[in-house]
Amino acid sequence: MLQEDRRIAILLVGLTLLRLLLAALLPLSPQEAYYWTWSRDLALSYFDHPPLAAWTIRLTTALLGQTIFGIKAAAVLWSVVMNLVWLRIVVDMFADRRLAFWSLVALNATVAYEVYGVVIAPDAPLIAAWAATVWAVWRVAQTGQARWWYAAGAFLGLGCLAKYPAGLLAPVVLVFLALSPRQRRWLATPHPWLACLVALAVFAPVLVWNAQHDWASFAFQSTRRAEGMEHWHPRYLGVLIASQLLMATPYLLVVSVAALANGWRKRREVLADDRWLLLLASGAVPLAVFVAASLRSLVKMNWPAPVYWSLIILGVGSILRQRGVDRRLAWGLASSSALFAAGAIVIAIPNVPLGDANLWSGWPQAGARVARLRAELRSTGKDSFVFSPSYKISAMLEFYVPGQPRVYSKDIFGHPALQFDFMPLPRDLKGATGILVTDDRRESELPLEELRPYFASVERVDTLEIGAFGRHTRRIDFYLCRDYRGYPRALRKTKNFAVR
């Protein structure tokens, strides 16, 4: 046991050190920059997502500075929490250190969980809180003590503070209780229902923010998704499968599916074993929801991230029950790790030409160009501000322009701009010169005719070409938009709600 504990400790410390190294080496992604802009304007919640990721970034950047490492350290922090909870689950459920070691190796070999160990997004705290909720429910089943229901409620609320899909944990727990002959009695007690009130109390900041903002975030995440639903389109299921081959890796996706199949084949045994039943419910219930949704709309590749961890634990457990499998398991997990390693190497190559898939290159240089334009305008007595047609560009510029000034987005000319519509305006911009920055990606297209009513003139003044290995990576254009005429923010918000 001491040897296995030592292996687990070395593994967890090594993974954390590796992630800290990657956090220091890898570039900032636009999504991370976007959540970082939220952290600069602390609020009870935000338009796109609940606040936990932004709150964590605020903590790590306060400690480590407004740097890429400071932002990514938030992901490293959540990865430590994830691994400790996974370890606790396996040890509590199976009392098997060998299974704990190999499960942690497998979980950290997936692209999904490795990415969220160095890239901060709402998914990172969601996965950690999801696993913690399942662990607390297991403690209920293991000990019979009602107090663990309230821990489960607190963790569920924390998951909802991270990302709305944490609400799928409620049917996960309900399915577990309904199918377990030993745990069904809890449904007749007040404790699971009072735990829901605890979750609601933890989630209260999001409720308050939405009440103060006409329920904007709830509307955005519900009606917009519903409007995106189409008639039967099986091709979306194919897209989901292809994306999960990347996120879970082919080997571990097969391991996860095998765990599901094994659970169905041995369903009578599963109903007699609360460990299997709870872990299967944790993976199968959300997976069923995402597969059903993929029959009518696009399911983004990161959405099923909470699905796999419990299935991987079960799958690895089944593999380890066979004789002489350690080496084969190691080779399979090595193939999974190689996918993430290859991706990290590619991303670390400066200005790697990947078409629209490269979202990070060129923005440090663009920030320097913007600073030069601002200095030239300031020397002539002109006030200026920076904006773009894409929230991703705006977030990257806010980080990379020296001094990290406030950067605006499509809210400047009356188009829906996500969280930018809700950020406080630090000053009146009327009469100032807008420095518009755009690039040649499709999502950044902007008919200049739409801008002209808001400015006296719009003129392109500079272009930045980014490339590597003799190939084009990105073209960034800079415009001076003189004498801003303004746009009423109240009307901008109304338009946002109407469109979304």
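Applying a DSSP loop filter and a limit of 13 other Cβ atoms within 10 Å to the trypsin sites (Lys or Arg not before Pro) in the stretch 374-436 leaves R427, K430. Charging the Cβ of each Asp and Glu at -1 and of each Lys and Arg at +1, and nothing else, the dipole of the stretch 357-499 about its Cα centre rounds to 240 debye.
So, counting K/R as plus one and D/E as minus one, what does the shell of residues with Cβ under 12 Å around W148 add up to? Before the final figure, lay out the partial values.
Numbers: positive: R139, R147; negative: D92.
That works out to +1.
Taking every DSSP bridge with both residues inside the chain, close to 75 percent are antiparallel. In the stretch 2-108, Cα pairs under 8 Å separated by at least six residues give a relative contact order of 31 percent. Total Lys pairs in the stretch 357-499 closer than 15 Å by alpha-carbon, pairs eight or more apart in sequence or interchain only? Close lysine pairs found across the stretch 357-499: 4.
Rounding to the nearest 20 debye, state how big the charge dipole of the chain is about its Cα centre with +1 on each Lys and Arg Cβ and -1 on each Asp and Glu Cβ. Present the calculation step by step, with values, prior to reporting the outcome.
Details: 53 positive and 34 negative charges, 183 e Å.
Its charge dipole is roughly 880 debye.
Between the Cα long axis of helix 169-179 and the first principal axis of the chain there is an angle of about 20°, rounded to the nearest 10. Among the chymotrypsin sites (Phe, Trp or Tyr not before Pro) in the stretch 437-482, those located in a DSSP loop and surrounded by at most 16 other Cβ atoms within 10 Å of their own Cβ are F469.
Counting only residues at least eight positions apart within a chain, or on another chain, the aspartates and glutamates with an alpha carbon under 18 Å from that of K266 are D274.
From most to least packed by mean Cβ count within 10 Å, the peptides 456-466, 431-441, 414-424 give 431-441, 414-424, 456-466. Each of [x] 192; [y] 293; [z] 159 is a candidate for volume of the Cα convex hull per residue in Å³; the one calculated from this structure is [z]. Potential lengthening of the chain between D428 and R442 amounts to 1.9 nm, from the contour at 0.36 nm per residue minus the alpha-carbon distance. What separates the Cα centres of the stretch 127-188 and the stretch 388-463 is a distance of 44 Å. With a Förster radius of 56 Å applied to the C-beta separation of R460 and L174, the computed FRET efficiency comes to 0.45.
Find the relative contact order for the chain and round it to a whole percent, using C-alpha pairs within less than 8 Å whose residues are 6+ positions apart.
Working: 762 pairs, mean separation 75.3, N = 500.
Normalised by residue count, the contact order of the chain is 15 percent.
I'd like the FRET efficiency for A95 and A242, computed as 1/(1 + (r/R0)^6) with the beta carbon distance as r and R0 of 30 Å, rounded to 0.05. Mind dumping the intermediate values first?
Values: r = 38 Å, r/R0 = 1.27.
Taking R0 as 30 Å, the efficiency between A95 and A242 is 0.20.
Between helix 250-265 and the chain there is an angle of about 40 degrees, using the helix long axis and the longest principal axis of the Cα atoms. With each label modelled as a point 7 angstrom along the Cα→C-beta vector, the T143-L44 pair spans 3.3 nm. If the segment from W331 to T189 were pulled out straight at 0.36 nm per residue, it would be longer than the present Cα-Cα gap by 46.3 nm. Relative to the longest principal Cα axis of the chain, at what angle does helix 2-25 sit, 0 to 90 degrees, rounded to 10? With rounding to tens, the tilt is 10 degrees. Here the spin labels are modelled as points 7 Å beyond Cα on the Cα-Cβ line, and at D273 and L18 they lie 2.9 nm apart.
The numbers here are math on the coordinates, done by the rules we state, and not lab data. What you see is a predicted model; the values in this text were computed from it and never measured. Ideal geometry is used to build each Cβ from the backbone, glycine not excepted, and the neighbour counts take in all protein chains shown.
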